[in-house]
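Undergrad: What follows is a structure written as structure tokens; I'll ask about it next.
The values are calculated or read from the model by the stated rules, or taken from the named source; none is laboratory data. Worth saying up front: this structure is predicted, and the values here are computed from it rather than measured. Quick reminder, even Gly has a Cβ in these numbers, built from the backbone with ideal geometry, and neighbours come from all protein chains shown. Remember, those area values only see protein heavy atoms, side chains included, never the ligands or the DNA or RNA. Shrake-Rupley method; radii C 1.70, N 1.55, O 1.52, S 1.80 Å.
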Number of protein chains: 2
Amino acid sequence: MATDRTPTLRVAGAQIVNAVGDLEGNVTRIRDAMAWAEEEAADVVVFPELALTGYPPGDLVLRSDFLDAAREALDELAAASGSTTAIVSTVDRVPPRRSWDTQHRHVAIGAAVLCDGELRGWYHKVLLPTYELFDEARHFAPGVAPGRLWRLGDAVVGVAICEDLWSGDGPPEAQAIAGAQAMLVPNASPFHREKPGGRRRLVTQVARRNGVPVVYVNGVGGQDELVFDGGSIVVSADGELLHRSPQFRPDLFVVDVALGPRRPVDGRPITVHSRATTQREVRPAPRELPVLSDDEQVWEALVLGTRDFVRRNGARAVTLGLSGGIDAAVTAAVAAEALGPERVLGVAMPAEDGDEELADARELARGLGIRFAVVPIAPITERLEAGVASVLDEDPDALREHSALEARTRAAVLWALADQRGLLPLATGNKSELSIGTGASAGDMSGSFAPLKDCPKTLLYRLARLRNARDGAPIPDSILERPATVHAAPGTDLPPYEVLDAIVERYLEKGEAVEALVQSGYDEAVVRGVLQLVDDAELKRRQTPPGVKITARTFGQDLHMPIANDWRPFRREGRELGSELLPS
Amino acid sequence: MATDRTPTLRVAGAQIVNAVGDLEGNVTRIRDAMAWAEEEAADVVVFPELALTGYPPGDLVLRSDFLDAAREALDELAAASGSTTAIVSTVDRVPPRRSWDTQHRHVAIGAAVLCDGELRGWYHKVLLPTYELFDEARHFAPGVAPGRLWRLGDAVVGVAICEDLWSGDGPPEAQAIAGAQAMLVPNASPFHREKPGGRRRLVTQVARRNGVPVVYVNGVGGQDELVFDGGSIVVSADGELLHRSPQFRPDLFVVDVALGPRRPVDGRPITVHSRATTQREVRPAPRELPVLSDDEQVWEALVLGTRDFVRRNGARAVTLGLSGGIDAAVTAAVAAEALGPERVLGVAMPAEDGDEELADARELARGLGIRFAVVPIAPITERLEAGVASVLDEDPDALREHSALEARTRAAVLWALADQRGLLPLATGNKSELSIGTGASAGDMSGSFAPLKDCPKTLLYRLARLRNARDGAPIPDSILERPATVHAAPGTDLPPYEVLDAIVERYLEKGEAVEALVQSGYDEAVVRGVLQLVDDAELKRRQTPPGVKITARTFGQDLHMPIANDWRPFRREGRELGSELLPS
């Protein structure tokens, strides 16, 4: 426990925006936070993992010109550093190193230690996550000095990066044994629903196991499908929570942290400076913020992920189809909050005149304050049907059943509008559809971004009610009350969404196989049917737009399934594609 | 050199089809080849890497039920084995092992050694490629016994798998030092234009460095974007080519290979059997086949990749738009050869009546013998324009310039036809377009598969001439002679295709930066403009269909670029998207 007699370190954390490739912007954000920490008389300020380059930088780090520019940017920051030590994470060139394959890698994920106008040295990340959405072994050489220590005046501290923290016998353990009295940890930890609780548990374990306080700093912002949600935390040596940053927005914080016990130092620490650091009056810890509910976190992730995707891809406004259904309603509400309602164009594209869903769409647009337009698609779809029917030598009416024709007409209208006005088209599809492959290719899943891609249908109703409860209730009750029916290929036996979503979640996120699901009480034929559809949908799924990751296992990001896959454990019949004859 | 007095091993190679997940089919193919090798009195038969599961199996190997089924299949093969030792590569469960991150991996890429009805033991792949298209560190634990040896009667041999071969100080070197007299190497080596020559050079180096003959067996067939091209080779201890299999088709071969010198064996070989292996009359080496030209290899890769993608995704026939351009002509020719012309429906979708390109499309279809249909799109596009114009409050004619409207109409027609008849729609776009982002999203790049995705425009003319030279000259001269012009956003300064393709190839495949390109004589403004377009096109590119890999660096497979990427080294202006206002 921190008492007046325990030596303390004044630690600042800079939970700043993560923007891949934006060296100029990142330098500005880092330099501003360094100046702020200096004013706060902090001993050290910790930035997120790869704060300077953005995370994940992908194959940008294979480019020599990018590495040169990142190094120049770091030198600029080093020159700007003062008496507050700054832990700035960026890529670092290292001697070519071979590890798990035949390639030499010559870049490490580093934490540069900056002080008094100079670069004092580097820590290189040792453990490189290569699972789920991470592919760091592709790009980076592992660090070879897990036990490196740093002397900041009276205090001896360790630096470790993200994955380094979680092995139980990794760099924090090596550094604590060698004499570290505190762990400073830059992170790039993307959001999913179970992440925040997990982080808290793990950081507490690391602190207790090693008897040192842990300062865990995460970035914030959307990068493609990922949302870095912040939520930085500081935990004392005995696992007490000293500070928690808000999620989904930048935060600068400063905490006086009681150091762990002074131990025999056998790690030859690098001296960063020799000024006194631990002789001052301790300020009280900042007050803890209320924690968001699970659904509130998802909502914030959708808003931040959508905002950053749209803006960072150079668009200022979006368009989407307003069908009168729950998917479109939630997508529109997210977009309106992300960009401002004046930057959202909702387009109702009714297939018939005067239907109830058109009225709902209009009411939704009014409630959200977004722009609204109506394009009746019947005239277009009719001509499309006639064209197709002429080739097939069939009555156009015989094609009418196929809602895919309407979906594709709507997609064509939206893309055309987007092109004409420089808008980014949003797809409104959800994870339930994506998992079983309902929805038309180049139809309802078409767009540059699909905010709800990782949200199961059942979650959408909760999100809509959450939004309505906050202010104005913009989503009409009739949309919330309209029954959602699962559409699937004729002959397939699909359960209602509650069951479908539960099966898919347990299969994907918990890795449960048929047996376990059946033992939980699900009908075996239903389970087998659903799981086979999940596998079969990979061909369609591969071309769907990016969306916001909110679950532990996201299609595309976290699941790398082959498209052509003859493993068919769930049912034995062949697929139906290609069973009809060509016109002669 | 092999002489009558040098002990020899009779080695069979089974260059068989690679089909991910098809345990049943793979077992049949392997068992048939084992029986054949037994009849040939081969001492050993070598199969490709992961011949039993297919390569790359992706996240299938994270499924316990798949691992169980693969093990059962292996046990079946072990029981079927006779006096010919079979080296069958498949996945193997190993004790959980942590390596480069915090995850325990419990599966290795193995080579099972089968003989006399039993599984004699395993070799586990040590080097796990995690670069370009490979991500083996994601799934697999590395082997920990690089020097393992096997005694087949009088001979001591080593087994190594694919990447293991290429480090210069890896498993083959460890095995040769320990006493191996021959290297047996299962591979899963996907085709690109420079691969076959590279393999030959490397295998020769390995043989000479270690003084052992090398038997290199590759799989064959298309798996998603990859084509395994076969081309298995056997090289003597002094680097002489003893056998080369054909590319792009299965092959069974048997060669009597002179063993490397008998050395002190310090590797405790596992005894597979103790029958005599090296006391027989040596048969002459089979005759070497002529090698395909570079363009012929590309053609064969396109045909095989397209055939396997279509069939293995459950379709029996395809449709594509016939524009009268070179892209559509080559795509149609590839599809006709891959599937048979009666399984290809070409659809001409002219925007205006009676144009010359429609006549070309008709002539092409006749030349190839494919099905042909005409759907005039003007009636559909007119209605689409009117709908869009009504929202924008503009004269429909003002939109006419935008060829994207026509491209999207064509895509909607093709998808509708595909749905109605169970056809797989092919996109006809090429790598040049893809690299700089011309072409409309949900338009001309829309489809389930894009055979020419990795073929630059300039290559297409060579491929068309190659096809015409073979028989019937199905591609009309007027298509070959029509000048190809680069379409780009207004205001961008694009060079002709010869220059564009060369810049893109050198940038992507050789990693040349602006300076190197300018020194080669390219105009700096042109180079910068092209490279910026390549980076900017990532948003569009991410949603394009899979296609056949034929170059060393394929978009999607081999390049992992962030979509939102603020690194803009090539020009300083912002992007143009979103610069116009929304309708009110």
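Undergrad: Which pairs do you get when a residue that is more than 14 Å from every other protein chain (Cβ to nearest Cβ), found in region A:289-318, comes within reach of a residue that is hydrophobic (A, V, I, L, M, F, W, C) and not in a helix (DSSP H, G or I), reach meaning Cβ atoms under 6 angstrom, with the pair 6+ apart or on two chains?
TA: Here the result reads A:V298/A:I550; A:E300/A:F248; A:A301/A:F191; A:A301/A:V227; A:A301/A:V548; A:A301/A:I550; A:L302/A:V548, each pair linking region A:289-318 to a residue that is hydrophobic (A, V, I, L, M, F, W, C) and not in a helix (DSSP H, G or I).
Undergrad: Filter region A:412-421 for residues that are open to solvent by less than 10 Å² (accessible area, probe 1.4 Å) and in contact (Cβ under 8 Å) with a residue 60 or more places away in the chain; which is farthest from the other protein chains (Cβ to nearest Cβ)?
TA: Applying the filter and picking the extreme gives A:A418.
Undergrad: Among (1) open to solvent by 20 Å² or more (accessible area, probe 1.4 Å); (2) more than 8 Å from chain B (Cβ to nearest Cβ); (3) at pLDDT 85 or above, which single condition is A:D566 missing?
TA: (2)
Undergrad: Here's something else I'd like to know. All but one of (1) open to solvent by 50 Å² or more (accessible area, probe 1.4 Å); (2) in a helix (DSSP H, G or I); (3) closer than 23 Å to B:A564 by Cα; (4) not β-branched (V, I, T) hold for B:G511; state the number of the condition that does not hold.
TA: Of the numbered conditions (1) open to solvent by 50 Å² or more (accessible area, probe 1.4 Å); (2) in a helix (DSSP H, G or I); (3) closer than 23 Å to B:A564 by Cα; (4) not β-branched (V, I, T), the odd one out for B:G511 is (2).
Undergrad: I would also like to ask the following. Quick test of your reading of the structure: B:E382 fulfils all but one of (1) at pLDDT below 95; (2) buried (at least 21 other Cβ atoms within 10 Å of the Cβ); (3) in a helix (DSSP H, G or I); (4) not aliphatic (A, V, I, L, M). Name the failing condition by number.
TA: Against the list (1) at pLDDT below 95; (2) buried (at least 21 other Cβ atoms within 10 Å of the Cβ); (3) in a helix (DSSP H, G or I); (4) not aliphatic (A, V, I, L, M), B:E382 comes up short only on (2).
Undergrad: Hey, another quick one. Out of the residues in region A:388-411 that are of a type in the set (A, V, I, L, M) and either under 29 Å from the mean Cα position of the chain (by Cα) or open to solvent by 70 Å² or more (accessible area, probe 1.4 Å) (or both), which is nearest to the other protein chains (Cβ to nearest Cβ)? First the steps, then the outcome.
TA: Here is the first cut: in region A:388-411, the residues of a type in the set (A, V, I, L, M) are A:388-389, A:391-392, A:398-399, A:404-405, A:407, A:411.
Restricting the remaining residues to those that are either under 29 Å from the mean Cα position of the chain (by Cα) or open to solvent by 70 Å² or more (accessible area, probe 1.4 Å) (or both) gives A:407, A:411.
Numbers: A:A407: 10, A:A411: 6 Å.
Across region A:388-411, the extreme among qualifying residues is A:A411.
Undergrad: Moving on. Of the conditions (1) part of a helix (DSSP H, G or I); (2) more than 14 Å from chain B (Cβ to nearest Cβ); (3) open to solvent by 30 Å² or more (accessible area, probe 1.4 Å), A:D501 satisfies every one except a single condition; which number is it?
TA: (3)
Undergrad: Here is a further query. Taking A:F248, is it closer than 25 Å to A:L133 by Cβ, open to solvent by less than 10 Å² (accessible area, probe 1.4 Å) and either touching a residue at least 60 places away in the same chain (Cβ under 8 Å) or touching a strand residue (DSSP E or B) at 6+ places or on another chain (Cβ under 9 Å) (or both)?
TA: Values: closer than 25 Å to A:L133 by Cβ: yes; open to solvent by less than 10 Å² (accessible area, probe 1.4 Å): no; either touching a residue at least 60 places away in the same chain (Cβ under 8 Å) or touching a strand residue (DSSP E or B) at 6+ places or on another chain (Cβ under 9 Å) (or both): yes.
Answer is no for this residue.
Undergrad: Okay, moving on. Within region B:56-101, can you find the residues that are away from every other protein chain (no Cβ under 14 Å) and of a type in the set (S, T, Y)?
TA: B:S81, B:S83, B:T84, B:T85, B:S89
Undergrad: Among the residues of region A:31-48, is any modelled with pLDDT of 95 or more, under 24 Å from A:G222 (Cβ atoms) and acidic (D, E)?
TA: yes
Undergrad: Could I ask something else about it? Only one of A:I161, A:I177 is among the β-branched types (V, I, T) and open to solvent by 10 Å² or more (accessible area, probe 1.4 Å); which?
TA: On the way: A:I161 fails: open to solvent by 10 Å² or more (accessible area, probe 1.4 Å).
On inspection, the qualifying residue turns out to be A:I177.
Undergrad: Out of region B:352-378, which residues are in a helix (DSSP H, G or I) and open to solvent by less than 50 Å² (accessible area, probe 1.4 Å)?
TA: Taking region B:352-378 first, the residues in a helix (DSSP H, G or I) are B:356-368, B:378.
Correct list: B:L358, B:D360, B:A361, B:L364, B:A365, B:G367, B:L368, B:A378.
Undergrad: Also: Among the residues of region A:110-124, are any of a type in the set (V, I, T), touching a Lys or Arg at 6+ places or on another chain (Cβ under 9 Å), away from chain B (no Cβ under 14 Å) and surrounded by fewer than 24 Cβ atoms within 10 Å (Cβ to Cβ)? Even if it seems obvious, please write down each step before you answer.
TA: Looking only at region A:110-124, we keep the residues that are of a type in the set (V, I, T), and these are A:113.
Within this subset, residues satisfying the condition of being touching a Lys or Arg at 6+ places or on another chain (Cβ under 9 Å) are A:113.
Those still in the list that are away from chain B (no Cβ under 14 Å) too: A:113.
From what is left, the residues that are surrounded by fewer than 24 Cβ atoms within 10 Å (Cβ to Cβ) are none.
For region A:110-124, residues of a type in the set (V, I, T), touching a Lys or Arg at 6+ places or on another chain (Cβ under 9 Å), away from chain B (no Cβ under 14 Å) and surrounded by fewer than 24 Cβ atoms within 10 Å (Cβ to Cβ): absent.
Undergrad: While we're on this one: Can you find, within region B:133-157, the residue that is least open to solvent (accessible area, probe 1.4 Å) among those that are closer than 30 Å to B:L508 by Cβ and more than 9 Å from chain A (Cβ to nearest Cβ)?
TA: Ranking the candidates gives B:F140 first.
Residue-by-condition table, conditions (1) within 23 Å of A:F309 (Cβ to Cβ); (2) of a type in the set (V, I, T); (3) free of Cβ contacts under 8 Å to residues at least 12 places away in the same chain:
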| residue | (1), (2), (3) |
| --- | --- |
| A:A14 | no, no, no |
| A:V17 | yes, yes, no |
| A:V20 | yes, yes, no |
| A:N26 | yes, no, no |
| A:T53 | yes, yes, no |
| A:P56 | yes, no, no |
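Undergrad: With the condition kept exactly as written, say whether any residue in region B:3-18 is modelled with pLDDT under 95 and within 14 Å of chain A (Cβ to nearest Cβ).
TA: Yes, some residue in region B:3-18 is modelled with pLDDT under 95 and within 14 Å of chain A (Cβ to nearest Cβ).
Undergrad: Right, something else. Does B:R283 fit the bill of being under 30 Å from B:R201 (Cβ atoms) and exposed (fewer than 15 other Cβ atoms within 10 Å of the Cβ)? Break it down stepwise before answering.
TA: Details: under 30 Å from B:R201 (Cβ atoms): yes; exposed (fewer than 15 other Cβ atoms within 10 Å of the Cβ): yes.
Taking the combined requirement at face value, the residue satisfies it.
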